[in-house]
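Asker: Take a look at the following structure, please.
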Amino acid sequence: NIAQAEIELVGLETRKKELKLIRDAIVIAHGELSSTIADYQNSYQQHLQELASEYYQKITTNAARKIILDKDFQVKVEEGGRPCDIAQLSKGAQDQLYLALRLAIADLVSENLKLPFIFDDPFVSSDVKRLNNIQAMLNYTVQERQYAVFSHNDIFASWGTPVKKTF
């Protein structure tokens, strides 16, 4: 049975070489995929950061404010190059920040299609000045995107065409 064992050994050696080739191919593919993922994230991270900052600057009417995303997409704010902790922002300023991020993310996800937005009792922490800034920014983009605002707050009545349900 030595002959049979030698035949099996040759078969196993051949299988070992095949598995090594497959292993090497998987290692190369994994490295390429990891690199591609990193490139993709860096590209979208940069694009999202720029787009969100653009919206944020329009909403706040402050060109010195920027949204910064770290490698894990954690959000930070800078004003005039100085970092500002999000927790230090007022609730109204946080509303503006999150609106800018939502608009930017929607633009990236939908590419050339501008998704509509539905707001339900929005911007409750925003003062009149912030609301006016948000309204101006929404009016600026109303030709390319639809907005629906549902609220009991009368301040939103002038933000478009009111819709009333009749029975």
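Asker: Asn1 fails exactly one of the following numbered conditions: (1) under 41 Å from the mean Cα position of the chain (by Cα); (2) farther than 25 Å from Leu69 by Cβ; (3) open to solvent by 80 Å² or more (accessible area, probe 1.4 Å). What is the number of that condition?
Answerer: (1)
Asker: Name the single residue, out of those in segment 114-133 being part of a loop (DSSP other than H, G, I, E, B) and not hydrophobic (A, V, I, L, M, F, W, C), that is surrounded by the fewest Cβ atoms within 10 Å (Cβ to Cβ). Walk me through it before giving the result.
Answerer: First pass over segment 114-133, keeping only residues part of a loop (DSSP other than H, G, I, E, B): 114-116, 121-127.
Then keep just the ones that are not hydrophobic (A, V, I, L, M, F, W, C); that gives 114, 116, 121-122, 125-127.
On the way: Lys114: 15, Pro116: 9, Asp121: 11, Pro122: 19, Ser125: 13, Ser126: 21, Asp127: 12.
The qualifying residue surrounded by the fewest Cβ atoms within 10 Å (Cβ to Cβ) is Pro116.
Asker: Restricting the search to segment 7-32, which residues are open to solvent by less than 100 Å² (accessible area, probe 1.4 Å) and within 37 Å of the chain's Cα centre (by Cα)? Give the derivation first.
Answerer: First, the residues of segment 7-32 that are open to solvent by less than 100 Å² (accessible area, probe 1.4 Å): 9-11, 13-14, 18-20, 22, 24-25, 27, 29, 31.
Ile22, Asp24, Ala25, Val27, Ala29, Gly31 - these are the residues of segment 7-32 that are open to solvent by less than 100 Å² (accessible area, probe 1.4 Å) and within 37 Å of the chain's Cα centre (by Cα).
Asker: Further, regarding this structure: Is there any pair linking a residue in segment 98-126 that is without any contact (Cβ under 8 Å) to a residue 40 or more places away in the chain to one that is in a loop (DSSP other than H, G, I, E, B), with Cβ under 6 Å and at least six apart or on different chains, and which?
Answerer: Ala106/Leu115; Lys114/Glu144; Lys114/Arg145; Pro116/Gln146; Asp121/Ser151
Asker: Scan segment 67-85 for residues that are modelled with pLDDT of 90 or more and either under 25 Å from Val128 (Cβ atoms) or aromatic (Phe, Trp, Tyr) (or both) and jot them down.
Answerer: Result: Ile67, Val77.
Asker: Determine if segment 142-156 includes at least one residue that is under 26 Å from Gln46 (Cα atoms) and basic (Lys, Arg).
Answerer: yes
Asker: Please enumerate the residues belonging to segment 4-39 that are over 30 Å from Lys71 (Cβ atoms) and small (Gly, Ala, Ser).
Answerer: Our first condition is that a residue be over 30 Å from Lys71 (Cβ atoms); within segment 4-39, this holds for 4-22.
Within segment 4-39, Ala5, Gly11 meet the criteria.
Asker: Counting just the residues of segment 48-100 that are polar (S, T, N, Q) and in contact with a strand residue (DSSP E or B) (Cβ under 8 Å, 6 or more places away or on another chain), which one comes out surrounded by the fewest Cβ atoms within 10 Å (Cβ to Cβ)? Outline the logic, then answer.
Answerer: Going through segment 48-100, the residues polar (S, T, N, Q) turn out to be 49, 53, 57, 60-62, 74, 88, 90, 94, 96.
Okay, now just the ones that are also in contact with a strand residue (DSSP E or B) (Cβ under 8 Å, 6 or more places away or on another chain), so 49, 53, 57, 62.
Details: Gln49: 19, Ser53: 20, Gln57: 17, Asn62: 14.
This residue is Asn62.
Asker: How do the pairs read when you match residues in segment 142-158 that are in a helix (DSSP H, G or I) with residues anywhere that are open to solvent by 60 Å² or more (accessible area, probe 1.4 Å), using Cβ under 8 Å and keeping only pairs 6 or more apart or on different chains?
Answerer: So the pair list comes out as Ile155/Val128.
Asker: So is Ser158 at pLDDT below 90, open to solvent by less than 60 Å² (accessible area, probe 1.4 Å) and among the hydroxyl-bearing types (Ser, Thr, Tyr) or not? Break it down stepwise before answering.
Answerer: Values: at pLDDT below 90: yes; open to solvent by less than 60 Å² (accessible area, probe 1.4 Å): no; among the hydroxyl-bearing types (Ser, Thr, Tyr): yes.
No; evaluated as a whole, the condition is false for this residue.
Asker: What is the one condition in (1) open to solvent by 70 Å² or more (accessible area, probe 1.4 Å); (2) assigned to a helix (DSSP H, G or I) that Gln45 does not satisfy?
Answerer: (1)
Asker: On to the next question. Need pairs with beta-carbon distance below 7 Å; first residue charged (D, E, K, R) and within segment 46-66, second open to solvent by 60 Å² or more (accessible area, probe 1.4 Å) and not in a helix (DSSP H, G or I); sequence gap 6+ or separate chains.
Answerer: Qualifying pairs under 7 Å: Arg65/Glu79.
Asker: Another question, then. Could you please find all residues in segment 134-155 being among the polar types (S, T, N, Q) and open to solvent by less than 50 Å² (accessible area, probe 1.4 Å)? Please lay out each step first, then the result.
Answerer: As a first pass, look at segment 134-155 and keep what is among the polar types (S, T, N, Q): 135, 139, 141, 143, 146, 151, 153.
Passing the criteria: Gln135, Thr141, Ser151.
The values are calculated or read from the model by the stated rules, or taken from the named source; none is laboratory data. Computed from a prediction, not measured in an experiment: that's the story for all the values here. Backbone-built Cβ (ideal geometry, glycine too); neighbour counts: all protein chains shown. SASA here: full protein model, heavy atoms, side chains in, ligands and nucleic acids out. Shrake-Rupley method; radii C 1.70, N 1.55, O 1.52, S 1.80 Å.
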